[in-house]
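A.B. asks: Below is the structure I would like to discuss, written out as structure tokens.
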Amino acid sequence: MNCSTAKFYAAVIAAAAALAVHSAVAGDIISDWDSVKLPPKPELKAVTVDPKTTALLVLDLMKNNCGARPRCAAIVPNVKKLIDTARSHNMMIVYNLTGAGKPEDMADASIMPKPGDFLVKNGRGGDKFINSNLDDGLKAKGIKTVIITGTSAQGAVGGTTNGATQRGYKAVVPVDGMSAEDAYNEQYAAWHIYKGGPANVVNNATLTRSDLIKFAN
């Protein structure tokens, strides 16, 4: 085989390889859906917060929401423990109530707001910061970090995590304090916060579990 022939075959092989790669990535994500490999599960991180500059957010945990989200009832004890701990440290506790906005419509009486807790006004949609009093309320208390719990995971929790980090807050998101209509939505939300979301979320939000959150003295 002379040099020219060798170069020709090398070019053919290179072209075939390039075509194979192009074919593998051509199309769209729906076409490739069944062949996509799940990434490794997120590594949950321990985090210590300063009670003086941290607020606990309890979002949309209402009876009608929990009825449509299988894991919702199971997260209530975890959220209650966070609420009790926050109260013991005199922390700011923030509630967003949906529907008629009645505390008695919350998923469980044990997590209802008390006098002095902050109620979000006009907290519609996923991001509770938009067109509401939340940002002003947090700034008035000198809050720098928010612990975000609630339902749905991909809606209120994911949306408000994005809204918080865009506004310069640090966000702490316990996976056992959020629920959704199905496990995939929770998985999507966790991955978005951990690694799949925009830089402001990934760099300023900590995915954790409630028992990994410590409160500084």
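A.B. asks: With every protein chain left in place, what is the accessible area per residue of the chain in square angstrom, probe 1.4 Å?
C.D. replies: I get 55 Å² per residue for this part.
A.B. asks: Classify the stretch 164-217 from the C-alpha gyration tensor, please: rounded if a/c falls under 1.5, else prolate or oblate depending on whether a/b exceeds b/c.
C.D. replies: Numbers: a/c = 2.32, a/b = 1.13, b/c = 2.05.
Judged from the Cα gyration tensor, the stretch 164-217 comes out oblate (a/c at least 1.5, b/c at or above a/b).
A.B. asks: Ignoring ligands, DNA and RNA, what percent of the 1.4 Å accessible area of the stretch 120-162 is carbon and sulfur?
C.D. replies: Result for the stretch 120-162: 46 percent of the exposed heavy-atom area is carbon or sulfur.
A.B. asks: Something else: Kyte-Doolittle cut-off -0.5, length cut-off 30 Å along the helix's own axis using Cα: show which whole DSSP H helices in the chain pass.
C.D. replies: Details: long enough: 3-25 (33 Å, 1.46).
Helices meeting the span and hydropathy rule in the chain are 3-25.
A.B. asks: Output the direction-averaged projected area (hull surface divided by four) of the convex hull of the alpha-carbon atoms of the chain, in nm².
C.D. replies: With every direction weighted equally, the projected area is 16.3 nm².
A.B. asks: On a straight-distance basis, which aspartates and glutamates could pair with Lys144 in a cross-link, Cα separation under 20 angstrom, same-chain partners fewer than 8 positions away excluded?
C.D. replies: Of all the aspartates and glutamates, those that pass the test against Lys144 - Cα under 20 Å, at least 8 places apart if same chain - are Asp50, Asp117, Asp127, Asp135, Asp136.
A.B. asks: Right, another one. Taking the C-alpha atoms of the stretch 22-87, how large are the radius of gyration and the largest Cα-Cα span, Dmax, in Å?
C.D. replies: Computed over the Cα atoms of the stretch 22-87, radius of gyration and Dmax are 19.7, 58 Å.
A.B. asks: Further, regarding this structure: Is it possible to state the helix-based mean residue ellipticity at 222 nm for the chain, with each DSSP H run of 4+ residues giving -39500 (n - 2.57), the sum divided by total residues, to the nearest 500 deg cm²/dmol? What is it? Display every interim value, and only then the final one.
C.D. replies: Details: 7 runs with 74 residues, N = 217.
About -10000 deg cm²/dmol.
The values are calculated or read from the model by the stated rules, or taken from the named source; none is laboratory data. Treat the numbers as computed from the prediction; the structure is a model and nothing was measured. Surface accessibility is based on the protein's heavy atoms, side chains included, excluding ligands, DNA and RNA. Shrake-Rupley method; radii C 1.70, N 1.55, O 1.52, S 1.80 Å.
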